[in-house]
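Asks: Submitted below is the structure of interest, expressed as structure tokens.
The values are calculated or read from the model by the stated rules, or taken from the named source; none is laboratory data. All values reported here derive from a predicted model rather than from experimental measurement. Neighbour counts run over all protein chains shown; Cβ positions are idealised from the backbone, glycine included. Please note that ligands, DNA and RNA were not included when accessible areas were found on the heavy atoms of the full protein model with its side chains. Shrake-Rupley method; radii C 1.70, N 1.55, O 1.52, S 1.80 Å.
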Amino acid sequence: MKVGVIGQGYVGLTISAFAGEFYSVVGLDNNQKVVDQLNKGVSHIEGVESLVLQKWIQAGRFHATKSASELSDVDIIVIALPTPLTEDRQPDLTFIDAACKSIGENVQKPILIINESTSFPGTLRKYIKPAIEKYSKNQVEHMYAISPERVDPGRGDYNQKNTPRLYAGLTPEASEKTRDFYSKFCDEMVEVSSPEVAEAAKLFENTFRQVNIALVNEFAQIANALGISVYETLDAADTKPYGFMKFTPSAGVGGHCIPVDPTYLAAVAEEHGAPATFIRRANEVNLEMSKYVVDRVEADNGGNLQGKSVLVIGLAYKPNVADVRETAAELVIDHLRDRGAVVSWHDEVVGTWHGESSAQLSGADIAVVITKHDVVSERDILASAPYVFDTTGKVAGAKGF
Ligand SMILES: NC(=O)c1ccc[n+]([C@@H]2O[C@H](COP(=O)([O-])OP(=O)(O)OC[C@H]3O[C@@H](n4cnc5c(N)ncnc54)[C@H](O)[C@@H]3O)[C@@H](O)[C@H]2O)c1
């Protein structure tokens with residue numbers, strides 16, 4: 001059985017690495033650098049071991065390519081491509097469209113096509129299937145399914161194997177074949193009644209997180225105004241054994257999922273005349289946190305940041321990964337620079353970003369911790385500046401929410 005995985009990023013490479021144990025995998029990616037690196041057995045994704053890739057390469061069960069024509073003899077295709085927002089914050093399916101074109105133009109026999117990319121309900125049925133048919137010369141009757149990816153890169157306790165996998169096909173045969181494909185390397189398969197339910201469930205999971213993060217971010221501001229500790233209050237609430245789930249405040253949400261996916265849900269809701277007020281407001285509250293953090297830092301430093309050297313610690317959107325997509329650190333840096341601060345940043349996991357390099361973890365007037373990687377010690381953070389504002393709640397002794 002030969003599997004083509006379109007997109008070799010966080011999701012696609014993860015699935016390739018798991019599938020390589022049981023199938024012959026061809027990883028399609030239009031980034032030549034990624035392709036070359038993967039063919040040398042070097043992983044660029046946290047959580048995917050280079051050694052595993054090397055094992056599959058040596059066994060002749062994995063290679064990467066830029067050439068979509070290599071899809072012509074696969075039995076299953078998994079689509080794992082970005083689903084970002086357009087400039088006016090609408091769902092942007094141009095990557096998915098490109099995948100449909102690659103499939104339509106190159107696959108001439110009926111196969112199973114599974115979408116793992118996150119998108120709004122109806123994407124598989126009303127967008128992917130018609131697009132592939134539009135690009136296909138011979139009107140091939142493929143099977144279609146959705147199985148949204150839930151991977152959390154950098155996470156140790158839950159992975160591809162032990163995270164239950166949702167799935168649904170457009171036909172019972174597509175569902176059955178999808179279950180057969182994943183059950184080799186996923187412990188629990190959860191079938192739902194339609195692709196739309198699976199697509200919506202994925203969006204709702206991330207919307208749930210975005211709304212709860214916004215709620216706790218708003219509560220952090222309330223607690224500060226009341227002069228009580230947000231962390232102690234949350235710990236107190238968390239002693240309730242039911243009906244409460246603890247979220248912690250932050251400078252905002254980042255990554256490709258939480259700041260983006262809820263907007264897909266809001267867009268489709270509004271298109272159908274349904275309200276999406278929580279979703280829209282949660283997004284705003286989380287975006288406004290960066291300004292709130294800088295306001296607090298400014299207020300603690302004589303109400304003026306002009307000419308002060310500020311070190312932003314942790315550029316990645318979450319600990320122990322190099323992913324800077326939609327990171328709140330960028331908004332914090334922008335606000336600091338707008339107020340005249342001289343900003344540098346320290347993040348050895350990220351290394352370089354926007355032509356700048358990670359600075360020394362020392363010698364600043366002010367340090368603001370956005371993300372705390374395990375490799376950075378609390379002691380070094382506290383020694384980096386006379387004033388440290390910590391948005392993570394992990395640096396005892398620093399100022400914070
Ligand atoms: N990253 C996560 O933690 C995560 C978790 C769950 C779901 N998702 C969803 O999975 C999807 C993929 O996200 P990701 O994080 O893996 O993206 P990514 O940016 O890490 O990877 C996408 C890859 O696709 C390649 N690519 C772009 N256009 C291509 C094309 N036309 N043909 C071939 N390759 C192409 C890029 O070069 C890149 O390597 C998105 O819908 C995302 O919302 C992501």
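Asks: Within the range 18-57, how many residues are in a loop (DSSP other than H, G, I, E, B) and out of contact with any Pro (no Cβ under 6 Å at 6 or more places or on another chain)?
Replies: Here is the first cut: in the range 18-57, the ones in a loop (DSSP other than H, G, I, E, B) are 20-23, 29-31, 40-49.
Keeping just the survivors that are out of contact with any Pro (no Cβ under 6 Å at 6 or more places or on another chain) gives 20-23, 29-31, 40-45, 48-49.
Counting residues in the range 18-57 that are in a loop (DSSP other than H, G, I, E, B) and out of contact with any Pro (no Cβ under 6 Å at 6 or more places or on another chain) gives 15.
Asks: Residues N286, N224, N206, N212: which one is surrounded by fewer than 17 Cβ atoms within 10 Å (Cβ to Cβ), under 19 Å from the mean Cα position of the chain (by Cα), at pLDDT 95 or above and of a type in the set (S, T, N, Q)?
Replies: Details: N286 fails: surrounded by fewer than 17 Cβ atoms within 10 Å (Cβ to Cβ); N224 fails: under 19 Å from the mean Cα position of the chain (by Cα); N206 fails: surrounded by fewer than 17 Cβ atoms within 10 Å (Cβ to Cβ).
Step by step, each of N286, N224, N206, N212 is checked, and only N212 is surrounded by fewer than 17 Cβ atoms within 10 Å (Cβ to Cβ), under 19 Å from the mean Cα position of the chain (by Cα), at pLDDT 95 or above and of a type in the set (S, T, N, Q).
Asks: Is the range 343-364 home to any residue that is closer than 16 Å to R296 by Cα and touching a strand residue (DSSP E or B) at 6+ places or on another chain (Cβ under 8 Å)? Reasoning before the result, please.
Replies: Of all residues in the range 343-364, those closer than 16 Å to R296 by Cα come to none.
Within the range 343-364, none of the residues are closer than 16 Å to R296 by Cα and touching a strand residue (DSSP E or B) at 6+ places or on another chain (Cβ under 8 Å).
Asks: Residue by residue through the range 138-165, note down the ones that are closer than 28 Å to A267 by Cα, in contact (Cβ under 8 Å) with a residue 40 or more places away in the chain and not β-branched (V, I, T).
Replies: Y144, A145, S147, P148, E149, R150, P153
Asks: Filter the range 157-191 down to the residues that are assigned to a loop (DSSP other than H, G, I, E, B) and open to solvent by 70 Å² or more (accessible area, probe 1.4 Å), then identify the one that is nearest to the ligand (Cβ to nearest atom).
Replies: Initially, the range 157-191 is screened for residues assigned to a loop (DSSP other than H, G, I, E, B), giving 157-164, 170-171, 184-188.
Then keep just the ones that are open to solvent by 70 Å² or more (accessible area, probe 1.4 Å); that gives 157-158, 161, 184, 187-188.
Details: D157: 15, Y158: 12, K161: 16, K184: 20, D187: 18, E188: 17 Å.
Across the range 157-191, the extreme among qualifying residues is Y158.
Asks: Need pairs with beta-carbon distance below 8 Å; first residue within 18 Å of V151 (Cβ to Cβ) and within the range 65-86, second of a type in the set (F, W, Y) and more than 8 Å from the ligand (Cβ to nearest atom); sequence gap 6+ or separate chains.
Replies: Qualifying pairs under 8 Å: T83/Y264.
Asks: If the Cβ limit is 8 Å and pairs must be 6+ apart or interchain, which residue in the range 48-60 that is aromatic (F, W, Y) pairs with which residue that is outside any helix (DSSP H, G or I)?
Replies: The qualifying pairs are W56/G20; W56/E21; W56/V25; W56/F62.
Residue-wise test of (1) free of Cβ contacts under 8 Å to residues at least 24 places away in the same chain; (2) acidic (D, E); (3) farther than 17 Å from V107 by Cα; (4) more than 6 Å from the ligand (Cβ to nearest atom).
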position: M1; (1), (2), (3), (4): no, no, no, yes
position: I6; (1), (2), (3), (4): no, no, no, no
position: V11; (1), (2), (3), (4): no, no, yes, no
position: I15; (1), (2), (3), (4): no, no, yes, yes
position: G20; (1), (2), (3), (4): no, no, yes, yes
position: V25; (1), (2), (3), (4): no, no, no, yes
position: Q32; (1), (2), (3), (4): no, no, yes, yes
position: K40; (1), (2), (3), (4): yes, no, yes, yes
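Asks: Those residues that are surrounded by fewer than 24 Cβ atoms within 10 Å (Cβ to Cβ) and either in contact (Cβ under 8 Å) with a residue 40 or more places away in the chain or not small (G, A, S) (or both), I need them from the range 298-310; list them, please. Full working, then the answer.
Replies: Restricting attention to the range 298-310, the residues satisfying the condition of being surrounded by fewer than 24 Cβ atoms within 10 Å (Cβ to Cβ) are 298-309.
Residues satisfying the conditions are E298, D300, N301, N304, L305, Q306, K308, S309.
Asks: Another question, if that's okay. What are the residue pairs meeting all of these: first residue in the range 110-137, first residue within 15 Å of the ligand (Cβ to nearest atom), second residue in a helix (DSSP H, G or I) and among the basic types (K, R), Cβ atoms under 7 Å, and 6 or more apart or on different chains?
Replies: As it stands, the answer is T118/K202; Y135/K101, since those pairs meet every condition given.
Asks: Considering only the range 27-37, I want to know if a residue exists there that is modelled with pLDDT under 95 and open to solvent by less than 50 Å² (accessible area, probe 1.4 Å). Full working, then the answer.
Replies: Filtering the range 27-37 down to residues modelled with pLDDT under 95 leaves none.
No, there is no match, as no residue in the range 27-37 is modelled with pLDDT under 95 and open to solvent by less than 50 Å² (accessible area, probe 1.4 Å).
Asks: Within the range 101-116, take every residue that is open to solvent by 10 Å² or more (accessible area, probe 1.4 Å) and among the polar types (S, T, N, Q) and give me the one that is nearest to A267 (Cα to Cα). Break it down into steps so the answer makes sense when it comes.
Replies: Our first condition is that a residue be open to solvent by 10 Å² or more (accessible area, probe 1.4 Å); within the range 101-116, this holds for 101-102, 105-106, 108-110.
From what is left, the residues that are among the polar types (S, T, N, Q) are 102, 106, 108.
Working: S102: 27, N106: 32, Q108: 35 Å.
Per the criteria, the residue is S102.
Asks: Quick test for you: out of E70, E133, E105, pick the one residue that is at pLDDT 95 or above, in a helix (DSSP H, G or I) and under 23 Å from E196 (Cα atoms).
Replies: Working: E70 fails: under 23 Å from E196 (Cα atoms); E105 fails: under 23 Å from E196 (Cα atoms).
Just one listed residue meets the conditions, E133.
Asks: Under 6 Å between Cβ atoms, which residue pairs at least 6 apart in sequence (or on different chains) link something in the range 242-265 that is in contact (Cβ under 8 Å) with a residue 12 or more places away in the chain and more than 16 Å from the ligand (Cβ to nearest atom) with a partner that is part of a loop (DSSP other than H, G, I, E, B) and not aliphatic (A, V, I, L, M)?
Replies: Pairs found: K246/D238; T248/G393; P249/F401; S250/T391; A251/T391.
Asks: Check off (1) under 28 Å from N320 (Cβ atoms); (2) surrounded by 15 or more Cβ atoms within 10 Å (Cβ to Cβ) for E199 and give me the number that stays unchecked.
Replies: In the conditions (1) under 28 Å from N320 (Cβ atoms); (2) surrounded by 15 or more Cβ atoms within 10 Å (Cβ to Cβ), E199 misses (1) alone.
Asks: Which number in (1) in a helix (DSSP H, G or I); (2) touching a residue at least 60 places away in the same chain (Cβ under 8 Å) marks the one condition that D380 misses?
Replies: With respect to (1) in a helix (DSSP H, G or I); (2) touching a residue at least 60 places away in the same chain (Cβ under 8 Å), D380 is out only on (2).
Asks: Looking at S309, S290, which one is polar (S, T, N, Q) and under 21 Å from F219 (Cα atoms)?
Replies: Values: S309 fails: under 21 Å from F219 (Cα atoms).
When all the criteria are applied, what remains is S290.
Asks: Check off (1) surrounded by fewer than 21 Cβ atoms within 10 Å (Cβ to Cβ); (2) under 24 Å from the mean Cα position of the chain (by Cα); (3) touching a residue at least 40 places away in the same chain (Cβ under 8 Å) for S357 and give me the number that stays unchecked.
Replies: (3)
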